[in-house]
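Student: This is the structure, below, for whatever I ask next.
The values are calculated or read from the model by the stated rules, or taken from the named source; none is laboratory data. The structure presented is a predicted model; accordingly, all values stated were derived computationally and were not measured. Cβ placement follows ideal geometry from the backbone for every residue including glycine, while neighbour counts extend to all protein chains displayed. Surface areas here come from the heavy atoms of the whole protein model, side chains and all, with no ligands, DNA or RNA. Shrake-Rupley method; radii C 1.70, N 1.55, O 1.52, S 1.80 Å.
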Amino acid sequence: MFTKFSHTGEVATQDELLFTTPFGYLFDDAAHSASCLLPRSCETITALKQLGDAMATDETGLPNDSTTLPAILTYLGQFIDHDLTARTDRESAVSTIGRGEPVTPRDPDEVVANLHNGRRPQLDLDSVFGDGPSLVGGSETTSQVLYANDLKMTVFQPSSTRRDVPRDPATRVAIIADARNDENPNISALHCAFLLFYNKIYDAQVAGAPACKHIRARQLTRWAYQYIVVQDYLARVCDLGVVIDTLANGPRYYGVSAGHGQTFMPLEFSTAAFRFGHTMIRPEYRLRGGQSPIAVMDILAPSRPDAAGNPNATFFDTGDATPHQLRSSAILDFTFFAGSGPNVQKARKIDSNISAGLGSLPLGPRTGDPILGHLAKSNLVRGYSLSIPTAQACCEAMGVKPMTIMQMGGAGESANVKNILETTALGQRTPLWYYILREAAVQQNGERLGELGSRIVCETIIGSLKSDPNSYLNANDLAVTPLGVDVGTAVIRTLTDLLNHAGVGPVGP
């Protein structure tokens, strides 16, 4: 369980890492070639900082900055990221970018040898189930606190409209398997929905001991989630042709079929490609009806006390009978985040504009740090420090024709960014994260990822599922059908289906 492992911290809490799995480079040859990396110089670091500043300027909230995608997909992406990876977004022995210390690109072999993933590279929902409960009488696991005596998940739900993840009465900190899933009320509400979804499937098991019900409910929950990730999430945020091709013909650069001896988490994915969701974050959100929108910076770390040490009054009511749980007015109404109803807020376009508020993150040691406290700068400089291949090198490795400086700096890009591309080395050797965002804007009008971004994301996620013998893609079970996963009382094929089955709806199609 990651109870102290969050973005509000700095160096990872090592005692919570019960296992580690490898990170690696999808394009290892490129990572070892100086010409395929950002130039190693102070000028490069200066240009990356300038690019980050130029990207973090969007506060418009105008209709034309929205996709057709519901806002909940931004947070499903964050949820997926927490299920797959841990440790590339914080300070470590091989990547230090904050506190004013010199930033030096590390040798790729040193990175792979010393940077380890705190997650398994598979969509197994260990972020929800932890290590699971004990299935042997008289024994306990480190995750036992997540479960009731009958092995259902513990959830706070005093009424049909008030529901929350369980919290510590003294600190209001969420008692869940991954503390990162309580960094904002949007993702904690989604986490809570998964707890309720599992419990609903558990209750549908009409016979068997609690251990047997848990095992089957956990399996069906995982399969339904995996089906949603591929058939609902990837099909909407990636180019559909790339999704279908990767499913049909398999990954060509990732996994055993691509010549890799073991499954690993590609750094090109975890530090760049899958951070496209950062640009989907809106400057503000309305949590439910009858409320004014709340600035995105004001929904971060809800359990954190205010400057006076008091609970955040937006989220907690000290006069309530359960003051440590989210107050009713802070409970997410999913009709404002999911489905296609009239109230649904949309995700921002996938482009090179980042909500300006994300340039001053109020998260622990990140607060006030000119790089760590600035999301765009942090992403760009972290990629440099970990020797992530340039976008042009990744395009060449995948046989994709890269965009030109003229295309990157064309219609829709800011004059500041265009100038940086034209006057620094970043135009010819472009940071992968920026390129993937700009590619989505140029090729897909910001509705979904472009060619390179889609391929890296699909290769990694679908490749990890194909490599996992326990995934829905490899299941020989009547519950897994081409039209969804039959969980006993419903067939689940979309996130909307899951939310409605969990009882947090009704959410329209």
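Student: Using helices alone, I'd like the mean residue ellipticity at 222 nm for the chain: each DSSP H run of four-plus residues gives -39500 (n - 2.57), total over residue count, nearest 500.
Tutor: The per-residue figure over the chain is -9500 deg cm²/dmol.
Student: Treat every Asp and Glu Cβ in the range 224-377 as -1 and every Lys and Arg Cβ as +1, leave all other atoms uncharged, and give the resulting dipole magnitude about the Cα centre to the nearest 20 debye.
Tutor: It comes to approximately 180 debye.
Student: Shifting gears a bit: Set the Förster radius R0 to 51 Å, insert the Cβ-Cβ distance between Ala308 and Glu396 as r into 1/(1 + (r/R0)^6), and round the FRET efficiency to 0.05.
Tutor: Given R0 = 51 Å and the Cβ-Cβ separation, E is 0.40.
Student: Taking the highest mean first, how do the peptides 446-452, 297-303 order by number of other beta carbon atoms within 10 angstrom per residue?
Tutor: 446-452, 297-303
Student: Hey, another quick one. Report, in debye and to the nearest 20, how large the dipole of the chain comes out about its Cα centre when Lys and Arg carry +1 and Asp and Glu carry -1 on their Cβ.
Tutor: With Lys and Arg at +1 and Asp and Glu at -1, about 580 debye.
Student: Which order, highest average first, do 171-181, 128-138 follow once you tally other Cβ atoms within 10 Å for each residue and take the mean per peptide?
Tutor: Descending mean neighbour count gives 171-181, 128-138.
Student: Moving on to the next point. As I understand it, the value is the acute angle between the Cα axis of helix 72-84 and the longest principal axis of the Cα atoms of the chain; what does it come to in degrees, rounded to 10?
Tutor: On a 0 to 90 degree scale, this one is about 90.
Student: On C-alpha positions alone, give me the angle between the axis of helix 240-249 and the longest principal axis of the chain, in degrees, nearest 10.
Tutor: Helix 240-249 and the main axis of the chain meet at about 80 degrees.
Student: Can you give the Kirkwood hydrodynamic radius of the range 344-453 from its Cα pairs, in Å with one decimal?
Tutor: Over the range 344-453, the inverse of the mean reciprocal pair distance is 14.8 Å.
Student: Ok, one more. Between Ser385, Pro342, Gly399, whose Cα lies farthest towards the positive end of the dipole of the range 335-471 when Lys and Arg beta carbons carry +1 and Asp and Glu beta carbons carry -1, centred on the Cα centre?
Tutor: Value computed over the given set: Pro342.
Student: Here's another thing I want to ask about it. Could you state the angle between the C-alpha long axis of helix 42-55 and the longest principal axis of the C-alpha atoms of the chain, as a value from 0 to 90 degrees rounded to the nearest 10?
Tutor: The answer is roughly 50 degrees.
Student: Could you give the length gained by full extension between Asp168 and Thr154, i.e. 0.36 nm per residue of separation minus their alpha carbon distance, to one decimal place?
Tutor: Gain on stretching Asp168 to Thr154: 3.8 nm.
Student: Still on this structure: What's log10 of I(q)/I(0) for the range 93-192 at q = 0.11, 0.17 Å⁻¹, Debye sum over Cα points only, no solvent?
Tutor: The computed values of log10 I(q)/I(0) come out as -0.53, -0.91.
Student: Can you tell me the length gained on complete extension of the stretch Ala113 to Asn445, counting 0.36 nm per residue apart and subtracting the Cα distance?
Tutor: Taking 0.36 nm per residue and subtracting the Cα distance, the gain is 115.6 nm.
Student: Roughly how many percent of the accessible protein surface of the chain is carbon and sulfur, given a 1.4 Å probe and a whole-percent answer?
Tutor: Heavy-atom surface of the chain belonging to carbon and sulfur, 1.4 Å probe: 52 percent.
Student: I'd like to check one number: the per residue accessible area of the chain, probe 1.4 Å, reported in Å² as a whole number.
Tutor: Per residue, the chain has 37 Å² of solvent-accessible surface.
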